[in-house]
Amino acid sequence: KTNVPGVGIEAEQPLSHLISHMLSGVKAQVGIKLYGDDLDKLRDLAGDVRDAITDIPGVTPPIIDPQERVDELHVVLRPDELAFFGLSREYVADFVETALKGEAVSQVLEGQRRFDLVIKLDEPYRSDPYNLGELRLELPDNRGQIRLRELADFPASASGPNLINRENVRRRQTIRCNVSGRDLASTVVEIEKQVREQVNLPTGYFVEFGGQFEAQRSATLLITILAAVSVAGIFIVLMMLYPSARITFQIL
């Protein structure tokens, strides 16, 4: 166990870990997938799910996929100013992308090796909103230049998610856990029961359960079907050999 905030410990054998990920995309025996639009709401619901299943016997401590808000630099363009100066969003966005991310404008040759020649702003200018706002853009028809801060706002304390997981085009948050000292099937049934009873999902949000137990359920269903087909086939063959239902049932 650990008391370090935000740290979760999972112990699993390499082969079973790989099988879990291949079967359902979840790196555990049981994965609870929450779907919705608002990331903050998904994170809150994930906490509710974790609390609902934590005390179930045989369930290892649930782990929520790490998804935190990190500091970001937001450039919010002002549509009225863009229209007044005859500039498009694409033009300004390309300008800002070149300044922050860089753009390959040529290549440098060293013997048989080629390296991209990238232009971008120095780090002090890329990390400081004031310096970024002082950058000048060329206006159409040689009408001069304009500073970026006259076209856009730079909100203070802007932040955004460090990771956005999606599945089938829907935003997803996953809670995963393993089962120890108890059979997987009954544990999953209890997990589903606790989640549906204790977690109130708003409209537009839904939950799915995945993991190794899906393969177990599929295998059990397949074995049941094959067993029924086999018994039926044997019955038909015996009826062809011994046209008596009583004898056939005695043999079976």
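The values are calculated or read from the model by the stated rules, or taken from the named source; none is laboratory data. Given the structure is predicted, the values throughout are model-derived calculations rather than measurements. Virtual Cβ from ideal backbone geometry, glycine too; neighbours counted across all protein chains shown.
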Tell me, which residue of segment 56-73 that is outside any loop (DSSP other than H, G, I, E, B) and not charged (D, E, K, R) is nearest to residue 158 (Cα to Cα)?
70
Residue count, segment 155-182, condition under 29 Å from the mean Cα position of the chain (by Cα), over 27 Å from residue 90 (Cα atoms) and exposed (fewer than 12 other Cβ atoms within 10 Å of the Cβ), comes to 1
Report yes if some residue within segment 205-222 is in contact with a Phe, Trp or Tyr (Cβ under 8 Å, 6 or more places away or on another chain), surrounded by 11 or more Cβ atoms within 10 Å (Cβ to Cβ) and either among the hydrophobic types (A, V, I, L, M, F, W, C) or over 22 Å from residue 49 (Cβ atoms) (or both); otherwise report no.
yes
Taking the conditions exactly as written (of a type in the set (A, V, I, L, M), at pLDDT below 90, in contact with an Asp or Glu (Cβ under 9 Å, 6 or more places away or on another chain) and surrounded by 13 or more Cβ atoms within 10 Å (Cβ to Cβ)), does residue 152 satisfy them or not?
no
For segment 120-149, pairs from a residue that is closer than 16 Å to residue 74 by Cα and not assigned by TED's automatic domain parsing to the domain that holds residue 95 to a residue that is polar (S, T, N, Q) and surrounded by 10 or more Cβ atoms within 10 Å (Cβ to Cβ), with Cβ under 9 Å and 6 or more apart or across chains, are none
Expected single match for surrounded by fewer than 10 Cβ atoms within 10 Å (Cβ to Cβ), out of contact with any Gly (no Cβ under 7 Å at 6 or more places or on another chain) and of a type in the set (Ser, Thr, Tyr) among 125, 130 is 130
